[in-house]
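Following: one structure in structure tokens, then a few remarks.
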Amino acid sequence: MSAVPFIQANTNGRLHRADEPSVSPLNRGFLYGDAIYEVWRTYHGVVFAWDEHWARLLRSAAALYFTLPFDKEQILEEIKKTAGAYRQAAGYSGELYIRLQVSRGAGAIGLDPALADRAEYTLMVQPCPQLSPAHLDGGQWLTVATSLRRNAPDTLNPAWKTGNYLNNLLCLREARSRGADEVVILNQAGEITEAAVCNLGFIRAGEMLTPPSRAGILEGITRGLVIGEVAARAGLRVREVSIRPEELSGMEEAFLLSTTKDIQPVRAIDAHSYRVGPDTLSRRLKTAFADYAHEQAERWRADRSA
């Protein structure tokens, strides 16, 4: 029996267990990280922020100069099919994590993209991670990476959601070696960018601060929704500003933003402690985000249930 919990996969339309082989050893995503991906989640059983993630997937594909092997409607139907298969096999009715990875394809060994035959995709569906009560009220501990910096936008741009995550992975490894839950990564100028798989937000003097895109970050969907709409609902003004490590001591609250975590409190970054708990502005923001997600689920229930 596999040690991996059951994950439903779909490779190019074929349903199978995720721990069963489905990709050729010649696949360029496997060989070179020549791939892009997106992660959706459901709220109230409905795929959330479908259009926003789709638009980012298109940007990532364009950045890598390859064409997706499906259109928007086709892949949504495959997502529904895969989600339905998972729910039936696992007997699960909770919220889902949905990952779509697209590679340039397979072909002869060699870096030249022209060697690829055709783009391929794999979907994976499993339960969406849940924020534990301990982390909701107590927050997470982060540490600033010192061994590596974020790759610059004029190299491998962090705004592209690609299959190459070694920079993030090694920074997170450093943080975990210190016992931290997550990492804070600096750019070449020594500015704060983001965590390994999350954007960062802070509260200071009653407003939300977050590093700007030009610092070298993934333009997170949750971050974008908070900036564009949700923060105003919570009565918060947002500013995108450069933040340096020496400014961390002046922050009152800190939090992570991501698709699977939405807004997750941070209790400390290294020796700098922050307010956590039900009476914080970041909790007010999280509540406003939950209300927004519920509204969107009701709006799209007929078309995007999964």
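Please treat every number below as a calculation from the coordinates, not as lab data. Computed from a prediction, not measured in an experiment: that's the story for all the values here. So basically every Cβ, Gly included, is an ideal-geometry build from the backbone, and we count neighbours across all protein chains shown.
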For the stretch 133-294, what does the relative contact order come out to in percent, with C-alpha contacts under 8 Å and a separation of six or more?
26
Search the structure for amide H atoms under 5 Å from the amide H of Val241, placed 1.01 Å from N in the peptide plane, and list their residues when 5 or more places away or on another chain.
Thr210
Expressed in nm to one decimal, what extension gain is obtained for the pair Ala85 and Ala55 from 0.36 nm per residue of sequence separation less their Cα-Cα distance?
8.2 nm
Across the chain, qualifying lysine pairs (alpha carbons under 19 Å, at least 8 places apart or different chains) come out at 5
If I take every Cα pair under 8 Å that is 6 or more residues apart in the stretch 8-127, average their sequence separation and divide by the length, what percent do I get for the relative contact order?
38
Backbone N under 20 Å from the Glu298 label point (7 Å along Cα→Cβ), restricted to the stretch 20-48:
42-48
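Please give the direction-averaged projected area of the C-alpha convex hull for the stretch 205-261, in square nanometres with one decimal.
Orientation-averaged projected area of the Cα hull: 4.2 nm².
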So how do Trp40, Trp141 line up by other beta-carbon neighbours within 10 Å, fewest first?
Trp141, Trp40
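So if each residue of separation counts as 0.36 nm, and I subtract the Cα-Cα distance between His16 and Val4, what length gain in nm does that give?
Contour length minus Cα-Cα distance gives 2.9 nm.
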Among Ala134, Ala61, Ala288, residue whose mean-square fluctuation peaks in a GNM of the chain (springs only between Cα atoms under 10 Å)
Ala134
How high is the relative contact order of the chain, in percent, counting Cα pairs under 8 Å that sit 6 or more residues apart?
20
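For a distance above 31 Å, tell me the whole-number percent of Cα pairs in the chain that qualify.
32
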Using 0.36 nm per residue, how much length does the chain from Asp117 to Glu246 gain when fully extended, once their Cα-Cα distance is taken away?
41.5 nm
14 Å tail of the calculated P(r), the stretch 45-104, as % of Cα pairs
61
Fewest first, what order do Thr143, Thr155, Thr287 take by the number of other Cβ atoms within 10 Å?
Thr155, Thr287, Thr143
Pop a pseudo-label 7 angstrom from the Cα along the beta-carbon direction at both Ile109 and Ala271 and give the gap in nm to one decimal.
5.1
Reduced Cα scattering model of the stretch 8-127, Debye log10 I(q)/I(0), q = 0.13, 0.16, 0.22, 0.23 Å⁻¹:
-0.51, -0.75, -1.27, -1.35
Once every Cα of the stretch 160-232 carries one equal point scatterer and solvent is ignored, give the base-10 log of I(q)/I(0) from the Debye formula at q = 0.16, 0.17 Å⁻¹, two decimals.
-0.63, -0.71
With a Förster distance of 22 angstrom and the Cβ-Cβ distance between Leu136 and Asn157, calculated FRET efficiency to the nearest 0.05 equals 0.10
Counting only residues 5 or more apart in sequence or on a different chain, those whose built amide H sits under 5 Å from that of Glu194 are Ile185
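For Lys261, Lys81, Lys72, what's the fewest-to-most ordering of other Cβ within 10 Å of each Cβ? Don't skip to the answer; put the middle values down first.
Numbers: Lys261 23, Lys81 17, Lys72 14.
Ranked by crowding around the Cβ, least crowded first: Lys72, Lys81, Lys261.
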